[in-house]
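Quick note: the coordinates plus some simple rules give every number you see, no bench work behind them. The structure displayed is predicted, hence computed values, not measured ones. Virtual Cβ from ideal backbone geometry, glycine too; neighbours counted across all protein chains shown.
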Amino acid sequence: MDRKILLLKSHQCSDGLTDDELREIAEHLELVEYQTGEYAYHINDEIKDINLVVQGRFRLTASDRHGNPILEKFLTRGDQFGSVAAAYGEPMPVVAVAEEPSTTLKLDYKVALALTKRIDTLRMNLSRSIANDYHAMLFGKKPRQRSAVIAVFHDTDVGSLLTPRLVNRLRELGETPSVLSSRSDWEPLEGVKFRSLIENGRRLTPDEVRRQVNQWSDTKRVFVDVDASVDPEAAALLVEMCEEVLWCVTPSTWKLAVDRLNAIESRAPGWRDKIHVVWLLGGDDSCAPAAPELRALTKKNFQLSFSEPQPQQGHLLTNGFERIIHHLRGICVGVALGGGAARGMAHLGVLKALEQSGIVVDMIAGTSAGAMTGVFYAADLNVDYSIESFVKDLRPPWIFRQLPAGNYWYLVYKYRRGHFDKMLRKYLSDKTLGQLPLPVHTVTVDLVRGEAVVRSDGDAVHAITESINLPVLSKPICRDGRTLVDGGLVNNIPADVLVSKGCNFVIAVSVTAKIEHEFAKNRPDTPTGNMKSPWTIQTVLRSYVVQSSNMHSVGVQPADVIIKPDMTGFDVAEFTRTDEMSVVGEQTTLQEISSIKQLLGDMDDKLFPDTEMT
């Protein structure tokens, strides 16, 4: 009974329940343990129970009448399954299989109905859980999920700093974490429960660790802090019982981590989704090594530094710690940057305003000019430095400044001569998107398959040049069986991409939402005889802006906030006015900061407090 109560308290359905209510519910619960590969439900089984997941991970798959999968998702601690199927009362085409050793608390559906009639809090908690599932299915956004048990593996002095800093930051946010650690020099933290993993020269057994974690379930957060050199069998057992793993590495130690993770994988395959690498950088390290062997064994990539930024460097690495906090609190803030030729330089000001306002961005997706500015930001280049670089590098030489429509001809020249690649490599070298301190995705279009292509890894410069590759001004880029042109043809503001990648709060930026009613000095009231014939290049770029403006709703629909800088005073080829355009983006964003923070505060008022009240 006591174990069932402890496990029940770790599930979100227990929030707000009294001890007497917990005990009453626990009397009706059946504790069920599953081994890896064991089925909780086979397809078309009759389901009569609600299953509360309290340990481990299940893969839930729903199929259509032909047996084709139509929905697949993972369920971890705090999730539930079976409630809707049990209410339906007929066999369902659903399969639930344990991806690792897992535990559920099973509650008969009819008994659950009786309990919810008497216990209002239980009814509200179950209803909220079901509503979250349907919200995610209908709108694509994932509900907030907070892992209760997190392992932190480290093998350097700087790595050993991570757990204490995480605990202290979470305490500032009102949490009461507990810690199990193998460190002999752990310094006690006020209000933090602690137990050593090594007592009297003996390492705690897995059962002892599991019992201790269960006893601390009321704290809602337990860190297991351990030296990464622990033997593979012990490491695998810790990974098994934890919901998430943060594996700390440095540019000089990551290869050791590959060996250790391979050893864990051989004992317990399929845990990649809950293992995240934390790159601890410093000195001249501006981003992580490519390390494809390590990335193949882990899911997410966090990069952080406890050192001050270098000249020309932004604040992404110093903000990397807060991104881990966002992740642990179940928050992922994404920014979608749209296309718009030179007008897209306003994105730099938007990103600057968000950063200066204390809004840490967790992910970026960009199309065309949004891809270029987004990748530069994700590479941790200082925004002011990026602005200066674009002004300098995109200033037309003297000969072009003497020509009519010289700005346009200069763009054609740079496209046709392949100069963008050379210009961008001065800053990005041969880095891949996956190496950059901030996850970034770019959108291009493949004319062979007639579909959008989202780049999340691979050469960063290629990702930009493919996404900005305007038809007519430049030839399509033929690469890897694809013929690639500007992503704005199908998805100019890729907020939907961010949602598909796990963002649950999205800020979209449109530099084409407002369009001037004038073209080539022609206005709606210009008499036919006085109208001017535009240059072909002007027509191509204007057509692109008009298309982007009219496709405003494509991709942007899931955004929570849309920032719309008024760029009508800038020509689409005036890259030399990047500094002025970024100021417009910055000022427009500053006007929206209060409402953005209010919406974020609705998600997590501790992480995003109301600054007007504090």
Review point. With θ set to phi - 60° and the Karplus curve 6.51 cos²θ - 1.76 cosθ + 1.60, what are the ³J(HN,Hα) couplings of segment 307-320 in order, to the nearest whole Hz, using x for Gly and Pro?
Key: 9, 6, x, 6, x, 6, 9, x, 10, 5, 5, 5, 8, x
**Study point:** Rg/Rh (Cα only; Kirkwood hydrodynamic radius) as it applies to segment 128-258
**Key:** 1.02
Study note, to complete from the structure: Given unit charges at Cβ for Lys, Arg (+) and Asp, Glu (-), the dipole magnitude of the chain about its Cα centre in debye, nearest 20, is 1600
Check your understanding: Can you give the translational diffusion coefficient of segment 204-347 in µm²/s, computed by Stokes-Einstein from the Kirkwood radius over Cα pairs at 10 °C and 1.306 mPa s?
Key -> 91
Check your understanding: So what does the Cα-only Debye profile of segment 347-420 read at q = 0.14, 0.20, 0.22 Å⁻¹, as log10 I(q)/I(0), no solvent term?
Key -> -0.56, -0.91, -1.01
Exercise for review: Take every Cα-Cα pair in segment 324-374 and report what % of them are more than 18 Å apart.
Suggested key: 35
Study note, to complete from the structure: For segment 459-545 the chymotrypsin sites (Phe, Trp or Tyr not before Pro) that pass both the DSSP coil test and the at-most-16 other-Cβ-within-10 Å test are W535
Review point. Along each of its three principal axes, how wide is the spread of alpha-carbon positions in the chain, in whole angstrom units, largest first?
Key: 89, 55, 53
Check your understanding: So, counting K/R as plus one and D/E as minus one, what does the shell of residues with Cβ under 12 Å around V454 add up to?
Key -> -3
Practice item. Can you give me the P(r) profile for segment 194-265? Cα pairs, bins 5 angstrom wide beginning at 0, each as a whole percent. Key: 3, 13, 25, 24, 16, 12, 5, 1
Practice item. Project the alpha carbons of segment 167-219 onto their principal axes and report the range along each, largest first, in whole Å. Key: 34, 25, 12
Check your understanding: If the cut-off is a Cα-Cα distance under 14 Å, which aspartates and glutamates reach K73, setting aside same-chain residues fewer than 8 apart in sequence?
Key -> E99, D133, D273
Check your understanding: When the Kirkwood radius is taken over all Cα pairs of segment 214-256, what Stokes-Einstein diffusion coefficient follows at 4 °C and 1.567 mPa s, in µm²/s?
Key -> 106
Check your understanding: Of all trypsin sites (Lys or Arg not before Pro) in segment 352-417, which ones are in loop regions per DSSP and have a Cβ with at most 15 other Cβ atoms within 10 Å?
Key -> R417
Practice item. Would you mind finding the longest exposed-site-free stretch of the chain, with exposed GluC sites (Glu not before Pro) meaning DSSP loop and at most 14 other Cβ atoms within 10 Å? Key: 191-515
Point to revise | Virtual spin-label span in nm between D566 and I130, 7 Å along Cα→Cβ | key: 4.9
Study note, to complete from the structure: For segment 62-106, the Cα convex hull volume per residue in Å³ comes to 92
Revision key, fill the gap. Among A151, V239, L297, the residue whose Cα sits farthest towards the positive end of the charge dipole of the chain (+1 at Cβ of Lys and Arg, -1 at Cβ of Asp and Glu, taken about the Cα centre) is L297
**Study point:** Distance histogram in 10 Å bins (all Cα pairs of segment 266-376, percent per bin)
**Key:** 12, 36, 36, 13, 2, 0
